[in-house]
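Here is the structure we will look at, set down as structure tokens.
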Protein chains: 2
Amino acid sequence: MARIVMKFGGTSMAGTERIRRVANIVRKQAALKPDGTRDEVAVVVSAMAGETDRLVNFCREANALYDPAEYDVVVASGEQVTSGLLALTLQSLGCKARSWLGWQLPVHTIEAHAKARIEDIDSEALLESLGRGEIAVIPGFQGLSGDGRITTLGRGGSDTSAVAVAAAIGADRCDIYTDVDGVYTTDPRIVAKARKLKAVTYEEMLELASVGAKVLQTRSVGLAMKEGVRVQVLSSFVDDNATPADALPGTMIVSEEEMNELVEKGEMERQHVTGIAHDKNEAKIILTRVPDRPGAVANIFEPLAKASINVDMIIQNVGRDKGETDVTFTVPQADLARAQALLEDQRGNIGFNRIITDSKIAKISVVGVGMKSHAGVASNMFRALAERGINIQAITTSEIKVSVLIDEDETELAVRVLHTAYGLDAKDEAA
Amino acid sequence: MARIVMKFGGTSMAGTERIRRVANIVRKQAALKPDGTRDEVAVVVSAMAGETDRLVNFCREANALYDPAEYDVVVASGEQVTSGLLALTLQSLGCKARSWLGWQLPVHTIEAHAKARIEDIDSEALLESLGRGEIAVIPGFQGLSGDGRITTLGRGGSDTSAVAVAAAIGADRCDIYTDVDGVYTTDPRIVAKARKLKAVTYEEMLELASVGAKVLQTRSVGLAMKEGVRVQVLSSFVDDNATPADALPGTMIVSEEEMNELVEKGEMERQHVTGIAHDKNEAKIILTRVPDRPGAVANIFEPLAKASINVDMIIQNVGRDKGETDVTFTVPQADLARAQALLEDQRGNIGFNRIITDSKIAKISVVGVGMKSHAGVASNMFRALAERGINIQAITTSEIKVSVLIDEDETELAVRVLHTAYGLDAKDEAA
């Protein structure tokens with residue numbers, strides 16, 4: 001017997017027919033095993049694809065500056081509907097099942113409406129229900145504030161709900177079913193030879209998630225790492241006759257220790273680079289002729305930080321004239337206009353000459369825990385890109401990641417070149 | 001200052017634009033008055049028109065024999081959405097407002113999911129909120145069972161929610177806003193000279209509601225009578241500049257005592273008949289040659305009662321042969337097939353010859369508290385119908401109602417004839 005949390009996203013829950021497919025997967029996970037035991041199964045669900053957008057639009061139409069407490073009342077209904085429907089569908093397949101809404105467990109969160117964080121999940125009633133052989137269906141994304149109101153975790157929060165439930169009930173595994181069947185060495189739409197990874201470490205997944213491999217919400221990976229929850233990413237679009245988690249394994253997200261064991265057992269190859277990610281959602285800002293004196297840079301980035309605009313890469317060039325410098329940095333494209341307006345406001349304070357912006361850029365990152373013990377990954381990257389004439393506009397590095405900023409038009413070329421350069425191409429598909 | 005409950009149905013809440021109209025009506029009700037006071041206002045809302053049907057269909061698709069506890073989780077979301085949206089819209093108009101879901105107040109109900117009854121509403125937090133000048137927005141139709149799960153009251157339950165809230169907070173009035181502007185002497189689509197009634201008694205409204213004048217849910221009228229809640233029916237489709245409850249009064253539903261006062265003050269005319277209702281949703285069943293012995297009739301109606309099929313009119317004719325009788329009765333059209341199957345099952349037990357069914361019938365009722373003290377209302381009815389050649393198939397009476405069953409094709413004619421016969425035609429519109 002194992003205790004399993006399964007999570008299904010909005011595409012998997014889009015309509016009663018798809019919910020029936022999900023129910024079939026869940027039923028098989030909860031079925032009697034040859035050894036006479038059953039898994040205890042809790043399922044965390046998203047709203048039907050498109051439903052949250054519909055509800056958010058209603059809120060915007062009702063009140064452009066909406067009260068996030070009432071926004072939460074409206075948008076949390078999407079997951080309430082799918083959790084009831086999945087429980088009903090499981091019952092129609094002969095399973096014992098019931099829904100547990102965020103306020104019923106409850107899932108305690110901080111009071112930051114529309115962007116709450118889970119503090120604690122009461123697991124007592126849930127564990128009793130699982131012990132009675134009931135499948136628990138839990139709406140993701142929602143919780144209860146200290147003053148008894150509905151909260152939501154922010155978009156994509158259902159992954160985090162699933163990991164938090166898994167941590168609360170001490171689950172053996174948290175299976176995140178998505179519309180892809182695992183984590184790949186890179187985007188398979190760009191590189192046909194991309195390979196599905198059997199396992200990645202939490203740290204690698206964090207870097208991959210934060211640079212645009214949209215398989216899992218970043219926060220959920222951080223929580224899984226902190227709580228030591230074993231997460232598996234796998235596809236919900238499987239053959240109805242397969243026992244999915246066993247027959248079609250996805251990608252396990254594990255600790256570095258577990259990864260080392262897998263390598264020692266020969267189940268994973270040791271690679272310096274695990275994957276290549278790309279992100280086209282940033283924009284570049286250049287401030288020219290900023291005075292080169294103490295405090296000048298702080299004058300640029302403090303107002304942006306106060307406005308909650310995340311600055312990613314920063315480069316300071318020596319300017320043409322003495323005592324002046326050009327400052328280049330990136331912000332999310334969605335915040336570009338706001339950042340530009342803020343900087344114009346601060347022109348006198350900062351003392352720059354011109355603002356130049358460019359949203360036709362891409363960030364390419366190579367990620368791998370193997371880098372920690374292997375030098376030369378970054379220089380290999382620069383050489384491989386230079387050989388194809390791809391110009392690097394900026395560089396940042398972390399312990400397990402090297403990222404470069406390039407022209408957006410060269411994204412696909414750069415990803416392919418690097419995928420080959422680091423030996424990630426699938427061998428059986430090689431020409 | 002008054003304490004007012006306002007209730008808006010699904011047509012009034014259908015979309016953010018209509019919700020804005022509703023918010024404007026609520027804002028005016030809650031606005032500062034010339035005497036420096038404000039009304040305390042609680043608003044009870046339905047789901048957007050069509051939304052509950054959409055959710056019910058999802059449940060049916062998920063599980064034809066759905067678990068009513070999970071059905072309630074799904075369908076209660078419709079009112080959750082509109083209550084959040086109305087609170088947001090009121091805020092955008094500068095009002096203080098917040099939503100209170102059924103489980104938050106809570107609205108305690110019995111555990112009969114999908115057809116729960118309200119037992120008690122905790123009014124403490126609600127009264128505090130009203131006292132702080134906040135408009136309370138409460139989803140109708142939903143409550144909380146003793147074991148902490150969502151319940152719903154059955155279709156049309158929002159009227160009952162509104163009356164129950166009004167009773168719980170001791171409201172001065174419960175205004176039910178609908179797509180009609182009051183209760184009429186009969187259906188204005190049939191009789192152009194139908195008049196809007198300034199007031200009807202609870203008893204009259206109960207009879208009118210139960211025979212097909214679909215202005216208010218029957219159960220809500222019964223509750224209002226029991227709790228002495230003054231109910232007003234009025235239209236939400238009013239000019240945005242009107243102060244609706246005052247400028248465009250609807251129909252007050254009051255006790256017989258209050259009605260007598262209105263008559264004495266000359267505000268109401270005393271009529272023997274208050275209104276004419278029609279109902280085309282019944283079907284007639286005739287069982288021929290039922291043995292005329294003790295217990296035979298019980299054998300017919302017990303199985304129907306056990307299946308929760310409401311039998312309305314019953315007539316027992318003397319049969320052609322001695323010791324046998326024909327039994328005629330009506331059931332809701334929606335239950336006709338089920339009733340027929342049940343009776344066929346019991347054929348041996350009941351011992352009838354044939355089942356004849358007819359769904360092309362209509363029930364016409366004349367209603368009025370004035371009948372209590374005035375004889376001859378029924379015989380006037382029979383004569384008026386006979387003069388126009390309308391055949392009466394069955395008759396039932398109560399203290400304030402006479403109903404007859406006729407051919408469905410003669411519905412409109414019968415209603416018009418009776419409206420004129422009882423002097424209900426509007427005088428200013430007479431030719």
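Working only within region A:63-83, note down all residues that are of a type in the set (Val, Ile, Thr) and more than 7 Å from chain B (Cβ to nearest Cβ).
If the condition is that a residue be of a type in the set (Val, Ile, Thr) and more than 7 Å from chain B (Cβ to nearest Cβ), then A:Val75, A:Thr82 are the ones that fit.
Is it true that some residue in region A:119-130 is crowded, with 20+ Cβ neighbours inside 10 Å, within 30 Å of A:Ser308 (Cα to Cα) and not charged (D, E, K, R)?
Looking for residues that are crowded, with 20+ Cβ neighbours inside 10 Å, within 30 Å of A:Ser308 (Cα to Cα) and not charged (D, E, K, R), one finds at least one in region A:119-130, hence yes.
Quick one: B:Arg132 ticks every box in (1) within 14 Å of chain A (Cβ to nearest Cβ); (2) over 28 Å from A:Leu86 (Cβ atoms); (3) out of contact with any Gly (no Cβ under 7 Å at 6 or more places or on another chain) bar one, so which box is it?
Just one mismatch for B:Arg132, condition (1).
Just to verify a result, which residue in region B:282-327, among those that are β-branched (Val, Ile, Thr) and assigned to a helix (DSSP H, G or I), is surrounded by the most Cβ atoms within 10 Å (Cβ to Cβ)?
B:Ile300
Would you mind stating whether B:Glu40 is open to solvent by 10 Å² or more (accessible area, probe 1.4 Å), more than 17 Å from B:Asp159 (Cα to Cα) and either among the acidic types (Asp, Glu) or not assigned by TED's automatic domain parsing to the domain that holds B:Val163 (or both)? Don't jump to the end; show me each part of the working.
Numbers: open to solvent by 10 Å² or more (accessible area, probe 1.4 Å): yes; more than 17 Å from B:Asp159 (Cα to Cα): yes; either among the acidic types (Asp, Glu) or not assigned by TED's automatic domain parsing to the domain that holds B:Val163 (or both): yes.
So B:Glu40 fits the description; yes.
Of the numbered conditions (1) outside any helix (DSSP H, G or I); (2) within 14 Å of another protein chain (Cβ to nearest Cβ), A:Pro34 satisfies every one except a single condition; which is it?
With (1) outside any helix (DSSP H, G or I); (2) within 14 Å of another protein chain (Cβ to nearest Cβ) applied to A:Pro34, the lone miss is (2).
Tell me whether region A:11-22 contains one or more residues that are among the charged types (D, E, K, R), within 9 Å of chain B (Cβ to nearest Cβ), open to solvent by 30 Å² or more (accessible area, probe 1.4 Å) and part of a helix (DSSP H, G or I).
Yes, the conditions are met somewhere in region A:11-22.
I'm checking my understanding of the structure. Among residues of region A:90-104 that are farther than 16 Å from A:Lys7 by Cα and touching a helix residue (DSSP H, G or I) at 6+ places or on another chain (Cβ under 6 Å), which one is nearest to the other protein chains (Cβ to nearest Cβ)? First the steps, then the outcome.
Taking region A:90-104 as the starting set, the residues that turn out to be farther than 16 Å from A:Lys7 by Cα are A:91-96, A:103-104.
Next cut, touching a helix residue (DSSP H, G or I) at 6+ places or on another chain (Cβ under 6 Å) only: A:93, A:95.
On the way: A:Leu93: 9, A:Cys95: 11 Å.
Restricting to residues being farther than 16 Å from A:Lys7 by Cα and touching a helix residue (DSSP H, G or I) at 6+ places or on another chain (Cβ under 6 Å), the top hit is A:Leu93.
When the residues of region A:142-186 are narrowed to those that are crowded, with 24+ Cβ neighbours inside 10 Å and within 14 Å of chain B (Cβ to nearest Cβ), which ends up farthest from the chain's Cα centre (by Cα)?
A:Ile150
Which of the residues spanning region A:376-405 are surrounded by 16 or more Cβ atoms within 10 Å (Cβ to Cβ), small (Gly, Ala, Ser) and over 19 Å from A:Gly275 (Cα atoms)?
A:Ala394
Which of (1) touching a residue at least 60 places away in the same chain (Cβ under 8 Å); (2) more than 9 Å from chain A (Cβ to nearest Cβ) does B:Leu86 not meet, given it meets every other one?
B:Leu86 satisfies all of (1) touching a residue at least 60 places away in the same chain (Cβ under 8 Å); (2) more than 9 Å from chain A (Cβ to nearest Cβ) except (2).
The values are calculated or read from the model by the stated rules, or taken from the named source; none is laboratory data. Everything numeric in this text was worked out from a predicted model, so none of it was measured. All Cβ positions, even for glycine, are placed from backbone atoms using ideal geometry, and neighbour counts span all protein chains on display. To get the accessible areas, we keep the full protein, side chains included, count just its heavy atoms, and leave off ligands, DNA and RNA. Shrake-Rupley method; radii C 1.70, N 1.55, O 1.52, S 1.80 Å.
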